[in-house]
Amino acid sequence: RAGGIVASAAAAPSASDAALLADSSRSLAIARMRIFAERDGVSIAPSPGKGHGVFAARHIPAEVSVGDYAGDILSQRDVKVRYEAAPRAHALWCEADEAWLRRRGALGIGCSGDYIFRVGDDTFVDSEEYATANWTRFLNHGADANLRVKSLLKGMDGRPRVWFQALRDIEPGEELLWDYGESYWRASDVVL
């Protein structure tokens, strides 16, 4: 007790409290994404065989931009160290990577690398973390895609920009799909 202030150390949260916090954080982030999706004329809903997907809630004319991909901006080094090797295994692993891994673990976020979009040789957008992502992280692959993806190393704000544009008219209820490209798939993947 110093100057009328009582100092106390808070107990570390239990594993079940941490899991509840992670679930709450994820639920709030998804609720935020749903609100912005509705504002943009789309909805997030279950997609057979794919988890969640994005569906048109209104008519979307051809050539219209439907949304920007959002997430953490990573370098080639970040991708290589954090996703291409087992955590902590890469020689370049550092304190910042350790903090990133701890934060992900506390939030219940995986480290799959499945939401990384390559913008340039040394620039990537990672949409795996719900807090920095938006509804476009739920856009699925489709061989009969109705969206195309476009990207710029530097948008109007000086940051990388990735966005999706309608290839054709899209009707309400249609799932919005884009072709992930051959380099996305692993040999063991079953492409729907």
TODO: Test Ala70 against the criterion of being small (Gly, Ala, Ser), modelled with pLDDT of 95 or more and over 12 Å from Ala166 (Cα atoms), and give yes or no.
DONE: yes
Open item on the list: Need pairs with beta-carbon distance below 9 Å; first residue under 19 Å from Thr123 (Cα atoms) and within segment 58-85, second of a type outside the set (Gly, Ala, Ser) and exposed (fewer than 13 other Cβ atoms within 10 Å of the Cβ); sequence gap 6+ or separate chains.
Closed with: Gln76/Asp121; Arg77/Leu92; Lys80/Leu92; Val81/Leu92; Val81/Cys94
Open item on the list: Would you confirm whether or not segment 129-137 contains a residue that is surrounded by fewer than 17 Cβ atoms within 10 Å (Cβ to Cβ), touching a residue at least 60 places away in the same chain (Cβ under 8 Å) and assigned to a loop (DSSP other than H, G, I, E, B)?
Closed with: yes
TODO: Among the residues of segment 45-99, write down those that are assigned to a loop (DSSP other than H, G, I, E, B), open to solvent by less than 70 Å² (accessible area, probe 1.4 Å) and within 30 Å of Glu174 (Cβ to Cβ).
DONE: Lys50, Ala57, Pro61, Ala62, Val64, Tyr69, Ala70, Gly71
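The values are calculated or read from the model by the stated rules, or taken from the named source; none is laboratory data. This one's a predicted model, so the numbers in the text were calculated from it and none came from an experiment. Note that we place each Cβ from the backbone using ideal geometry, even for glycine, and neighbour counts take in every protein chain shown. Protein only, heavy atoms only, side chains kept; ligands, DNA and RNA dropped before computing areas. Shrake-Rupley method; radii C 1.70, N 1.55, O 1.52, S 1.80 Å.
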